[in-house]
1. What distance in nm separates the simple spin-label points at GLU99 and SER178, each placed 7 Å from Cα in the Cβ direction?
2. How much net charge surrounds GLY147 when only other residues with a Cβ under 11 Å from its Cβ are counted (Lys, Arg +1; Asp, Glu -1)?
3. At ALA170 and LYS75, where each label point lies 7 Å from the Cα along Cα→Cβ, what is the point-to-point distance in nanometres?
4. Stretch ARG34-LYS202 to full length: gain in nm at 0.36 nm per residue minus the Cα-Cα span?
5. If the reach is capped at under 27 angstrom between alpha carbons, list the lysines near LYS41, excluding any in the same chain fewer than eight residues apart.
6. How far is it, in nm, from the label point at VAL13 to the one at THR257 when both lie 7 Å from their Cα along the line to the Cβ?
7. Given the pairs LYS108/LYS203; LYS108/LYS248; LYS125/LYS203; LYS203/LYS248, which are separated by over 32 angstrom at their Cα positions?
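FYI, it's all coordinate maths here, none of it is from the lab. Predicted model only: the values in this text are computed from it and were never measured. Every residue, glycine among them, receives a Cβ derived from its backbone with ideal geometry; neighbour counts consider all protein chains shown.
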Amino acid sequence: MARRRLRFPVGVVFVGLFSLALFLFLVPSRYTTRINYLFVKITSPVLNLFPKSVRFRDDMVSRQEYDDIVTAYAKTHAQLLRLRGDYSKVSGLHQSLPEIEGQIMMGKVVRTSLIGGRSELVIDKGADDRLQVGQYVLSCEPYTVIGTISEVVEGMARVRLVTDRRQHLAVSILGKGSRDYLPGQLQGKNSEIAKIPLRSQKKYDIRVGDVVYASPQPGFLGLEVIVGNISEVKPDDREPLLWDISVKPIEDFSRLTDVAILVMDPESNGLSNHE
């Protein structure tokens, strides 16, 4: 007996498929999702038997190359943002101190040490950037002298702040309404203040609020730049005829993240032979 072939009219097939589609459309999504997962579960073992091949075009890169490109872009973008910030700070410094001489180099603070009589910073610029011992270091906004370079290695330098006990800095005091600078020597005391010793009470009229400037030094600093203000004036306990003068720096050293290093002509400061 010959096997009978089943034939379905086109109209029956269309109505059947349309009814199935309408049924799936009306069924809640939580049920159709389960059907989808069930279909994937059933067919995936069969599909995995056939290896997948990816055809690369000439303009395509591997995933590793793509990740490397993204990483390089992120680093370059970060460097660009930093250069923009450094340019803005240097421009602001030249506007605040238009007569300042030399090149201004920006540096990041790597470590801050404010313990007892030791007040130091470590910055991310060093001998490779033409930094040398004795160069002046300024804060940014406000632009004030905060210390000098005390040690230099490749890629890093140590900054001795004005409050460090080992710091000795030539300064000038300018009283309110005065036109003459009073010379002095600034010595660090602790992490918050410095002292100006050996000033005679009869010779010098010094008052709280007077401004203290770092004095010009050939090859290192070409003009007076503010350091801080006189915070206390009283007779010295050991030498009653002398003043005991305390100086409060304008900058809060614990909050420093960026500094500006003043790099002047090495030949004028006698350091050219050490390059």
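1. Output for this residue pair reads 1.8 nm.
2. Details: positive: ARG158, ARG160, ARG166; negative: GLU120, ASP164, GLU251.
Result for the neighbourhood of GLY147: 0.
3. Going by the 7 Å Cα→Cβ label model, 4.5 nm.
4. Values: separation 168, 0.36 × 168 = 60.48 nm, distance 9.67 nm.
Computed gain between ARG34 and LYS202 is 50.8 nm.
5. Qualifying lysines at Cα under 27 Å: LYS52.
6. For the pair VAL13/THR257, the computed spacing is 7.0 nm.
7. LYS108/LYS203; LYS125/LYS203
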